[in-house]
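**Q** Shown below is the structure under consideration.
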Amino acid sequence: MKKKVYLLLILFTGLTSCRKEDTDILPVIKIGVMLPYTGEYAADWDTGLDWAVENINLSGGINGCRLELVKKDLNKESLNAVASQFINDESIKAVIGPLTSADVYEAAPEFIKAKKLLMAPVATAANISRAFSGYGYFWRLTEPDISQMKTLILLAQKGDARQIALLTEESEYGASFEDWFGFFATEMGLEVTGVEVVPPGDISGTRNAWNTLVSNSPDAVISAINLPSQNIELVRAYRENGQQIRLLMSDAAAFRSLIDELGNAAENLEGSSIASWPNSGFDVSYHARYQKYPDPFISQMYDAVMLLGYGLEASQGTGGETLKEALKQVVSGKDGEYSWQRDEISKVMGSIRNGIFPDISGASGSLNYDELYYTDVIATTYGHWRIDAGQFVVTEFYTSDGSGRISSTSAAYRVMAEKMQVFSDTIALATLPPRNNLYAFLLAASQGWNNYRHQADVLQMYQLLKQNGLPDERIILIMADDIALAPSNPVPSVVKNRLDGENLYHDVEIDYNLSDVSTEDLKNILNGNITSTTPVVLNTGAGDNLFMFSVGHGSTAGMTFEGATTKSLGASYWNNIFEQMDQQDRFRQVFWVLENCYAGCIGEGIATPRVMLMTGANPYETSKAFLYDSGIKNWLADKFAYSINNAVETNPNLTFYELYERCFTFVNGSHVSFYNYRNFGNIYAKSFNEFVQP
């Protein structure tokens, strides 16, 4: 009986391990690769990928197995088809790719659901961290574009720029730059002369946006456009401008197609890109091996294979949750320091087999990860590139482990900005009459499933006000009402504002569907004018407080109102409304919480007495989404709106200054601001509860 048990153990070991000492033919461990090998985004991906595979296999392989890559060209096969194939193939233990942030948003939720590890080495959108960190099945080898945005502004400032502008696109990639451009410009004391956001693929729109920006004569324009064909058109417009304004391009411009299409017109173009760590020697070794310098991102591809190889060695060739936990051990190791070269890989593999985890670095630099979420490396090297003689040449390096740079997304969102507003505590205004009633005006100014968070924010406030005792007849609620029963909603009739929150779509009395409301209707509703299209209006009087809470999109022209027609409602529109209400004695005080990008451009134009605005972003910044739900593939809230809702729920007795301080600290990706506060009252003495409790 003992002999039979022993034989069974040998058989089991043979099935679960690759080690076969009696044969020269090793079994295979597979890693999937999905990248664009052809088309505009093509690059020499295989030089980095295959070199790392070669070095791992010459170091003994992984758990006695030979490493093999299964490669798919995303320019020839669809992302969803390739992702599904890799997820369902049990022989593939992990996957490298995709290249772009937009593709990551499409693929990552499926890999997380399947518990298969996905490593997208150079997908850099900042929102990716907030969406997928914490699950452990999504990793990348660069910081988000928060750091690249600051690097580009540093490059502009180093060239003596004092006025700067941004050209970017309406995509996950572009959002990172748009989100942080105004924030860093404000922090670094530079004047913003313009921000233009164009649709992805809009060639003529790119040219038009450039012409608009240069009409304001900035010293430098920072460009973050993803599509190579758009970057090519941008350069043509730039050359026609006579190069009087400096153009600094992001890493998405650093593809060979830019040089191939533009020829001599590409010479001396410049920008920033993720680069290899200069002290690693990777570029020199790469040149010796391939007789050329590496394209951007190649060092990250090398490191992706190397890092997954270490993880699979630690997991003994097992994928899934075992690999996830093993990879955390690998990047947290501190026993000895080793780099990316073949002999170093061999030593690291030997250490891991003995249960020892060294401190590793790669071709791209340190492979230390944020130990809270294990999604982002905590330092990245950026190169200041120029095109010289038809090649991308890095002229200097910037590293994010110093120089005041933000080192990771989680670190960025833990940093509190230093430029808080300074308020006077000695403001003396005419004595206000006792408050009579409280009214609320709640507006979700957008439509569509992708704008889920806007309606969720407003519904959360609606339910909180009702819980506080404010009756429906004193609440005006305007929203599109197109998300609860949307075909994309996997949980019909459910709308949430928090990951573990309650369903907010119950006992809701919607006064107006957004698509039926014109800008003239908005004026009539706020001014109490009953018409055929506005039968329900605010019946406020001289002794009543009005709480306004609006959430949606915005631009430097104002709030984007997606009603009967889509229009930008700027400061003059709203100031006219408040002036009319004041002349008719229709309020005691108005407090307006305005959650949209560039909301400060409205705040700066409001001067009506006893009206105060609180915005989540100044005139140069975007607001930030918050709480990504992978189950419905959508954001549940906006960060500033969430902070206000949370204050209503947990501590409505805050003074307005305490509310400001609390929200400013929480919303640390833009500058929460008060506007027209001097015409409102002493914010150190006045209480927020006057506007949220009847």
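**Q** Out of the residues in the range 391-414 that are surrounded by 13 or more Cβ atoms within 10 Å (Cβ to Cβ) and assigned to a loop (DSSP other than H, G, I, E, B), which is modelled with the highest pLDDT?
**A** SER400
**Q** If you take the residues in the range 464-476 that are closer than 21 Å to LEU526 by Cα and assigned to a helix (DSSP H, G or I), which one is nearest to the chain's Cα centre (by Cα)?
**A** In this case the residue turns out to be LEU465.
**Q** Residues of the range 665-687 being touching an Asp or Glu at 6+ places or on another chain (Cβ under 8 Å) and of a type in the set (Phe, Trp, Tyr), which ones?
**A** TYR675, TYR684
**Q** Pairs, please: C-beta under 6 Å, at least 6 apart or cross-chain, first residue assigned by TED's automatic domain parsing to the domain that holds ASP219 and among the aromatic types (Phe, Trp, Tyr) and in the range 239-261, second at pLDDT 90 or above and part of a loop (DSSP other than H, G, I, E, B)?
**A** Close Cβ pairs satisfying both conditions: none exist.
**Q** Can you name the residue in the range 83-98 that is buried (at least 24 other Cβ atoms within 10 Å of the Cβ) and not in a strand (DSSP E or B) and, of all such residues, is farthest from the chain's Cα centre (by Cα)?
**A** By that ranking, first place goes to PHE86.
**Q** Restricting the search to the range 343-356, which residues are among the aliphatic types (A, V, I, L, M) and either crowded, with 19+ Cβ neighbours inside 10 Å or touching a residue at least 60 places away in the same chain (Cβ under 8 Å) (or both)?
**A** Result: ILE345, VAL348, MET349, ILE352.
**Q** Follow-up question, since we're still on this one. Looking at GLY543 and the list (1) of a type outside the set (S, T, N, Q); (2) in contact with a helix residue (DSSP H, G or I) (Cβ under 6 Å, 6 or more places away or on another chain); (3) part of a loop (DSSP other than H, G, I, E, B), which single condition is not satisfied?
**A** Single failed check for GLY543: (2).
**Q** Considering every residue within the range 55-75, establish whether at least one is assigned to a helix (DSSP H, G or I), modelled with pLDDT of 95 or more and within 19 Å of GLN300 (Cβ to Cβ).
**A** Yes: one or more hits.
**Q** Also, quick follow-up: Quick one: what pairs do we get from the range 463-475, first residue under 16 Å from THR540 (Cβ atoms), second of a type in the set (Asp, Glu) and outside any helix (DSSP H, G or I), C-beta under 6 Å, 6+ apart or different chains?
**A** ASP472/GLU509
**Q** Still on this structure, I have one more. Looking at the range 301-319, I want the residues that are part of a loop (DSSP other than H, G, I, E, B) and have a partner that is among the β-branched types (Val, Ile, Thr) and surrounded by fewer than 24 Cβ atoms within 10 Å (Cβ to Cβ) with Cβ atoms under 7 Å, at least 6 apart or on another chain. Which pairs are those?
**A** SER315/THR322
**Q** Another one. Identify the residue in the range 357-390 that is aromatic (Phe, Trp, Tyr) and under 19 Å from PHE132 (Cβ atoms) and, among all such residues, is surrounded by the most Cβ atoms within 10 Å (Cβ to Cβ).
**A** TYR369
**Q** Within the range 100-130, track down each residue that is buried (at least 21 other Cβ atoms within 10 Å of the Cβ) and outside any helix (DSSP H, G or I).
**A** If the condition is that a residue be buried (at least 21 other Cβ atoms within 10 Å of the Cβ) and outside any helix (DSSP H, G or I), then THR100, LYS116, LEU117, LEU118, MET119, ALA120, PRO121, VAL122, ALA123, THR124, ALA125 are the ones that fit.
**Q** Looking for something of a type in the set (A, V, I, L, M, F, W, C) and assigned to a helix (DSSP H, G or I) - is there at least one such residue anywhere in the range 675-693?
**A** yes
Every residue, every condition in (1) out of contact with any Asp or Glu (no Cβ under 9 Å at 6 or more places or on another chain); (2) buried (at least 22 other Cβ atoms within 10 Å of the Cβ); (3) in a strand (DSSP E or B); (4) outside the structural domain of SER176 (by TED's automatic domain parsing), yes or no:
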residue: LEU594; (1), (2), (3), (4): yes, yes, yes, yes
residue: ALA617; (1), (2), (3), (4): no, yes, no, yes
residue: ALA637; (1), (2), (3), (4): no, yes, yes, yes
residue: TYR642; (1), (2), (3), (4): no, yes, no, yes
residue: VAL648; (1), (2), (3), (4): yes, yes, no, yes
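The values are calculated or read from the model by the stated rules, or taken from the named source; none is laboratory data. From a predicted model like this one, the values you see are computed outputs, not experimental measurements. So basically every Cβ, Gly included, is an ideal-geometry build from the backbone, and we count neighbours across all protein chains shown.
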